[in-house]
Amino acid sequence: MSVETQKETLGFQTEVKQLLHLMIHSLYSNKEIFLRELISNASDAVDKLRFEALSKPELLEGGAELKIRVSFDKDAQTVTLEDNGIGMSREDVITHLGTIAKSGTADFMKNLTGDQKKDSHLIGQFGVGFYSAFIVADQVEVFSRRAGLPASDGVHWSSRGEGEFEVATLEKADRGTRIVLHLKKGEDEFADGYRLRNIIKKYSDHIALPIELPKEQVAVEGEPAPEQEWETVNRASALWTRPRAEVKDEEYQEFYKHIAHDFENPLAWSHNKVEGKLEYNSLLYVPARAPFDLYQREAPRGLKLYVQRVFVMDQAESFLPLYLRFIKGVVDSNDLSLNVSREILQKDPIIDSMKSALTKRVLDMLEKLAKNQPEEYKGFWKNFGQVMKEGPAEDFANKEKIAGLLRFASTSDESGEQSVSLAEYLSRAKEGQDKIYYLTGESYAQVKNSPHLEVFRKKGIEVLLLTDRIDEWLMSYLSDFDGKGFVDVARGDLDLGKLDSEEDKKAQEEVAKDKEGLIERLKTALGDAVSEVRVSHRLTDSPAILAIGEQDLGLQMRQILEASGQKVPDSKPIFEFNPTHPLIGKLDNEQSEERFGELSHILFDQAALAAGDSLKDPAAYVRRLNKLLVELSV
Ligand code: ADP
Ligand code: MG
């Protein structure tokens, strides 16, 4: 037994304490996954060693077979995992097993409510990892040595999972990591060869290196105990190299959890072997849930890259566009060189063609999911819809395909959910309708009652309701779908094309002529506030409405720009009035120009309010309205 030196006691980072607490209380019904997590880490450690040893063969230290060993001691109530992977230095241990390095963790943890039921689903977004050892153990010891460091630089980490851990330096002859779990009272079922074998088969069969358990041996009386023999219990081959037909769904699912560090099953996957000019295997997954850092710029993203079965890097982001950053998976190339770097990946033309092929695979997989499992697709859209909306701007080549995957709220669906596809919309289009109509706004509640929809409701024409912040920007990249142009119903001079009959149009022209006098009076009264005044064809119930100029920024874009402190080009709305509305009739008959002016401004402000805009001078509006109310009551 070597002597421990430089012993110190350190506290876990606050977030680790919170995670530990959450985990122990939310995963009690699924305890056995601790083994999957520890094996997953051991496998990662071996991958890293294999890769580093390509340029520094001395790291292999004589080159014993790379493997993981799991053993147990019924009397001592321990389970031990040992790997001969990359190992950890003293500093590694302190950071990796004492903190959570992911950016945004602290913010994420603030969402904890203290209600275990509510909080337990959060763990799914986070992944469980090393700390899951404390689900079954009340003390965990880690003995490790980083490959390449001398035996005297071994480290011993130990903790009861209650807020602090101890580290000390000690001699460790073999590189790699040994983890000893001291099982809690009542968890003795895990100190059992049969149980361990079953758990490994169930969760870790896909791990590409051998996982060994001690072979049961019968001691013969009077003879010395035979040397311990080991047997491999998993399949130990790289899952993505196996033919699709031979891989079971459960295996795909467990493999996903290993590479994605996720706790839940994926929604869908796509496994492909490409041969010919380029040769590679790919296995791509759609997660069921968005990670908490989906919108964090520096959050890791990308695929796990292998070159001829050898792990080369995590988070290789060059293989997929940014709007597909939530996709997890593996790509294993036969064409790239083993010493490929991130910089090379960014420039290599091979990567470009792989990127477009993989992008297409993902979009195909999503199309299939939408078609065959619409309920699951709804879940997908809730989690990742906003990110998919970044697609048309980033990926021009696949614009039409991405548009087909978009889902919108619509006047045809009272639920307000984003569930209508463009294809579905067009399948319901009216005879003679050759446009896709939409309205953008701040919230569903606001747009669904917008006066802009009146004429559409009257004619029974469906309008898509777009209320995500990104929507107006998205629509600036979409001009048409399936040959039909998009029309913002709040913009320009609404032309319903064939949806208006010849008589309708004639009638409209006549009214416009008839109201020329009123139009002139309104122009004078509203002056600078408007760019134009005209008779509206959009209204049936409301007296007036504000339309946006054809080339002007919409409300959403204006608000986004203003919020980011940018100068917003000045633009004035078009004031449209409804000639059949009694208020407009009254206005037309008003003799006093002063009262006419007051009334026009009230109508203008009301139209702005109904469109979800804020008033430039709310006090003036209130003053005018109150004046009117007083006059009414006398
Ligand atoms: P994750 O695997 O998602 O990174 P974990 O909590 O499972 O998170 O592990 C934390 C870190 O601890 C790992 O990223 C790794 O750096 C280190 N680690 C854990 N187990 C081992 C091991 N057996 N060998 C080397 N490093 C390990
Ligand atoms: Mg892990």
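So here's what we get for this one:
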quantity: Filter result for Glu550 (in contact (Cβ under 8 Å) with a residue 24 or more places away in the chain and exposed (fewer than 14 other Cβ atoms within 10 Å of the Cβ)); calculated: yes
quantity: Residues that are in contact (Cβ under 8 Å) with a residue 60 or more places away in the chain and either of a type in the set (Ser, Thr, Tyr) or in contact with a strand residue (DSSP E or B) (Cβ under 7 Å, 6 or more places away or on another chain) (or both), drawn from the range 271-286; calculated: Asn272, Val274, Tyr280, Ser282, Leu284, Val286
quantity: The range 71-86 residues that are within 13 Å of Glu189 (Cβ to Cβ) and away from ligand 1 (no atom under 15 Å from the Cβ), paired with ones that are part of a strand (DSSP E or B) and modelled with pLDDT of 95 or more (beta carbon under 6 Å, 6 or more apart); calculated: Phe72/Val79; Gln77/Leu183
quantity: The lone exception for Ser2 - which of (1) under 27 Å from Leu170 (Cα atoms); (2) at pLDDT below 90; (3) within 11 Å of ligand 1 (Cβ to nearest atom); (4) not acidic (Asp, Glu) it fails; calculated: (3)
quantity: Selected residue (only one of Lys572, Lys567, Lys586 is among the basic types (Lys, Arg), surrounded by fewer than 18 Cβ atoms within 10 Å (Cβ to Cβ), out of contact with any strand residue (DSSP E or B) (no Cβ under 6 Å at 6 or more places or on another chain) and not in a loop (DSSP other than H, G, I, E, B)); calculated: Lys586
quantity: Residue, surrounded by the most Cβ atoms within 10 Å (Cβ to Cβ), within the range 196-216, restricted to residues that are more than 36 Å from the chain's Cα centre (by Cα) and not in a strand (DSSP E or B); calculated: Lys215
quantity: Search result, residues across the range 163-177 that are touching a helix residue (DSSP H, G or I) at 6+ places or on another chain (Cβ under 8 Å) and either more than 11 Å from ligand 1 (Cβ to nearest atom) or acidic (Asp, Glu) (or both); calculated: Gly163, Val167, Thr169, Glu171, Lys172, Ala173
quantity: Residue that is at negative phi, under 49 Å from the mean Cα position of the chain (by Cα) and assigned to a helix (DSSP H, G or I), where the choices are Leu526, Leu553, Leu522, Leu518; calculated: Leu526
quantity: Every pair of residues 6+ apart whose Cβ atoms lie under 7 Å, when the first sits in the range 375-400 and is touching a residue at least 60 places away in the same chain (Cβ under 8 Å) and hydrophobic (A, V, I, L, M, F, W, C) while the second is in a helix (DSSP H, G or I) and crowded, with 16+ Cβ neighbours inside 10 Å; calculated: Phe380/Leu369; Val387/Tyr323; Met388/Tyr323; Met388/Ile402; Met388/Leu405
quantity: Count of the range 15-49 residues which are in contact (Cβ under 8 Å) with a residue 40 or more places away in the chain and more than 13 Å from ligand 1 (Cβ to nearest atom); calculated: 10
quantity: Number of positions in the range 22-48 that are buried (at least 18 other Cβ atoms within 10 Å of the Cβ) and more than 16 Å from ligand 2 (Cβ to nearest atom); calculated: 2
quantity: Scope the range 441-464; condition over 14 Å from Leu555 (Cβ atoms) and of a type in the set (A, V, I, L, M, F, W, C); matching residues; calculated: Ala445, Leu453, Val455, Phe456, Ile461, Val463, Leu464
quantity: Every pair of residues 6+ apart whose Cβ atoms lie under 6 Å, when the first sits in the range 94-119 and is within 16 Å of ligand 1 (Cβ to nearest atom) while the second is part of a helix (DSSP H, G or I) and of a type outside the set (Val, Ile, Thr); calculated: Ile100/Glu15; Thr105/Glu15; Met109/Glu15; Met109/Gln18
quantity: Enumeration of residues in the range 125-164 that are part of a helix (DSSP H, G or I) and within 16 Å of ligand 2 (Cβ to nearest atom); calculated: Gln125, Phe126, Gly129, Phe130, Tyr131, Ser132, Ala133, Phe134, Ile135
quantity: Qualifying residues in the range 495-517 (those that are in contact with a helix residue (DSSP H, G or I) (Cβ under 9 Å, 6 or more places away or on another chain) and small (Gly, Ala, Ser)) - the one modelled with the lowest pLDDT; calculated: Ala512
quantity: Pairs with Cβ under 7 Å, 6+ apart, first in the range 169-198 and among the acidic types (Asp, Glu), second at pLDDT 95 or above; calculated: Glu171/Ala151; Glu171/Ser152; Glu171/Gly154; Asp174/Asn84; Glu187/Val136; Asp188/Gln77; Glu189/Arg195; Asp192/Phe72
quantity: Single residue of the range 62-107 satisfying the filter (among the charged types (D, E, K, R) and surrounded by fewer than 17 Cβ atoms within 10 Å (Cβ to Cβ)) that is nearest to ligand 2 (Cβ to nearest atom); calculated: Asp92
quantity: Of all residues making up the range 121-138, the number that are out of contact with any Leu (no Cβ under 7 Å at 6 or more places or on another chain), of a type in the set (Gly, Ala, Ser) and away from ligand 1 (no atom under 13 Å from the Cβ); calculated: 1
quantity: Single match in Glu254, Glu229 (criterion: at negative phi, surrounded by fewer than 18 Cβ atoms within 10 Å (Cβ to Cβ) and over 14 Å from the mean Cα position of the chain (by Cα)); calculated: Glu229
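The values are calculated or read from the model by the stated rules, or taken from the named source; none is laboratory data. What you see is a predicted model, and the numbers here were worked out from it, not measured in a lab. Here the Cβ is made from the backbone with ideal geometry for all residues, glycine too, and neighbour counts use every protein chain on show.
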